[in-house]
1. If I ignore ligands, DNA and RNA and count only protein heavy atoms, how much of A:Thr100 is accessible to a 1.4 Å probe, in Å² to the nearest 10?
2. At B:Asp89, with labels set 7 Å past Cα in the Cβ direction, how many nm apart are the copies from this one, shortest first?
3. Rg (Å, one decimal) plus Dmax (Å, integer) for the alpha carbons of the range A:47-98?
4. Computed FRET efficiency, Cβ-Cβ of A:Asp89 and B:Trp101, R0 35 Å: what is it to the nearest 0.05?
5. Using alpha-carbon pairs under 8 Å, 6+ residues apart, how would you state the relative contact order of the range B:66-122 in percent?
6. Between the range B:100-118 and the range A:45-115, how far is it from one alpha carbon centroid to the other, in angstrom?
7. Between A:Gly62 and the same site in the other copies, what are the distances in nm, shortest first, taking label points 7 Å from Cα along the C-beta direction?
8. Can you pull the mean other chain C-beta count within 10 Å for peptide A:57-70?
Number of protein chains: 2
Amino acid sequence: MSNLKVLPILEADAGDGAVPCCAPLSREPLGVEDSERIAVMFKALGDPVRLRLFSLIASHEGGEACVCDIQDVGVSQPTVSHHLKKLRDAGLVTSERRGTWVYYKVAPPVVAALAGVLDLSS
Amino acid sequence: MSNLKVLPILEADAGDGAVPCCAPLSREPLGVEDSERIAVMFKALGDPVRLRLFSLIASHEGGEACVCDIQDVGVSQPTVSHHLKKLRDAGLVTSERRGTWVYYKVAPPVVAALAGVLDLSS
DNA sequence: CATCAATATTGACAGCCGTCTATGTCGGTG
DNA sequence: CACCGACATAGACGGCTGTCAATATTGATG
């Protein structure tokens, strides 16, 4: 059995605990290119509102959430939309329109990548 | 045996894989307070130069590095110093003066906290 | 004490970022 | 087609951030 768990969202997607993006932080220093790519993800999570939005999406039933479910974070609706766009541009979430509503969910490869950076692969 | 590894730096420090700071991102939404505290860490890692500096410290022999060992990241010396201060203010690293040199190392509780946020505790 | 090497601090400046209001777009409904 | 609700985009604005050159501080060394 696997003692190693990542996000539930990921478990349904792939059984590998492999590092999909780059070397772990603690093994060898990040190259310039890797650091730029990964910093984009950390930067996106580096705002309290965005972190809460991401958390709300990740913890929502089914691993996805409608904007209307998560938009009560203390800022205006356009600001929420702006932050969700940033999360999407950073590759952390994906969005899909279904009728009137837009659903966001955590992008599967991403959290695995972050986990890999923190050295969880072995 | 433990299938679960965190940073080597941490392994020597504590055997627990417990969550030291807050609920994992994927289980329940982060509170306002938690999100602000954790966002500080992500934000500090959200700059390519700081991420490289952190990686250089984490991957350096003994888990610590002198500034002179890691300051070749393409920016001026004051800028390196500025970034190291930011990492320290974010609680990601600690610094210690030994003679002429200043040594930085990864703050043990921190990476465990980040790992906890990404849900690696169970 | 004078000097040097390693690191930190200060001050300045351009550019990015988070926020808002106003407005646009798109789908559903009558 | 007209209207409404959900969400996105545009534009503006104040504040923060990354960078540098210049200077200060701190410890070792002669």
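The values are calculated or read from the model by the stated rules, or taken from the named source; none is laboratory data. Just so it is clear, the model here is predicted, and its values are computed rather than measured. All Cβ positions, even for glycine, are placed from backbone atoms using ideal geometry, and neighbour counts span all protein chains on display. Each accessible area value is taken on the protein alone, full model and side chains, heavy atoms only, with ligands, DNA and RNA left out. Shrake-Rupley method; radii C 1.70, N 1.55, O 1.52, S 1.80 Å.
1. Accessible area of A:Thr100: about 110 Å².
2. The projected label point of B:Asp89 is separated from its counterparts by 2.4 nm.
3. 10.0, 28
4. Working: r = 40 Å, r/R0 = 1.15.
FRET efficiency, A:Asp89 to B:Trp101: 0.30.
5. Numbers: 37 pairs, mean separation 16.7, N = 57.
Reported relative contact order: 29 percent.
6. Result: 27 Å between the Cα centres.
7. Here A:Gly62 shows inter-copy label distances of 5.5 nm.
8. Details: counts 3, 9, 9, 2, 0, 0, 1, 0, 1, 0, 0, 0, 0, 1.
That works out to 2 on average.
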